[in-house]
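Written out below as structure tokens is the structure these notes cover.
The values are calculated or read from the model by the stated rules, or taken from the named source; none is laboratory data. Every value quoted in this text rests on a predicted model; they were computed, and no experiment measured them. Areas reflect the complete protein model, heavy atoms only, side chains present, ligands, DNA and RNA absent. Shrake-Rupley method; radii C 1.70, N 1.55, O 1.52, S 1.80 Å.
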Amino acid sequence: MSILTMQTRHESHEKIKEAKPILYTRILAVLSTGETLTANEIAKRINKNWSRQAVQPRLNELRDEYNLVEEDGKKHDYETHRNVTAYRLVKEETKNEG
């Protein structure tokens, strides 16, 4: 990997690092309704112009690093015409068991 590529990647990471807590809060607020939603559905509820690519990495972090979100089966995404993973908030009793 070139130095230029590494610098660009680092700059991009620093920029998103500031926005992560805001995105986490917005994603958790959308999922607090108790619904099971796809990354695309979550993105559209946060802002109709957002894309799945803005939300998916944060969902992965909320799942893998913070154990606040879990996968809950598949749903059909009518925008991409594919079955995709759906997410929900981890229930309190599940958090306490882990």
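Any idea of the accessible area per residue across the chain, 1.4 Å probe, to the nearest Å²?
Result: 71 Å² of accessible area for each residue.
Take the alpha-carbon centre of the stretch 51-78, take the same for the stretch 10-25, and report the distance between them in whole Å.
That distance is 16 Å.
Using a probe of 1.4 angstrom, how much of the accessible area of the chain is carbon and sulfur, in percent?
49
In a GNM of the chain with a 10 Å cut-off on Cα contacts, which of Val55, Val30, Val84 has the highest mean-square fluctuation?
Result: Val84 has the largest fluctuation of those listed.
Name the most mobile residue of Lys74, Lys15, Lys48, meaning the one with the largest mean-square fluctuation, in a Gaussian network model of the chain with Cα contacts below 10 Å.
Of Lys74, Lys15, Lys48, the most mobile in the Gaussian network model is Lys15.
Among Ile46, Ile16, Ile27, which one shows the biggest mean-square fluctuation in a GNM of the chain, springs joining Cα atoms closer than 10 Å?
In this elastic network of the chain, the residue with the biggest mean-square fluctuation among Ile46, Ile16, Ile27 is Ile16.
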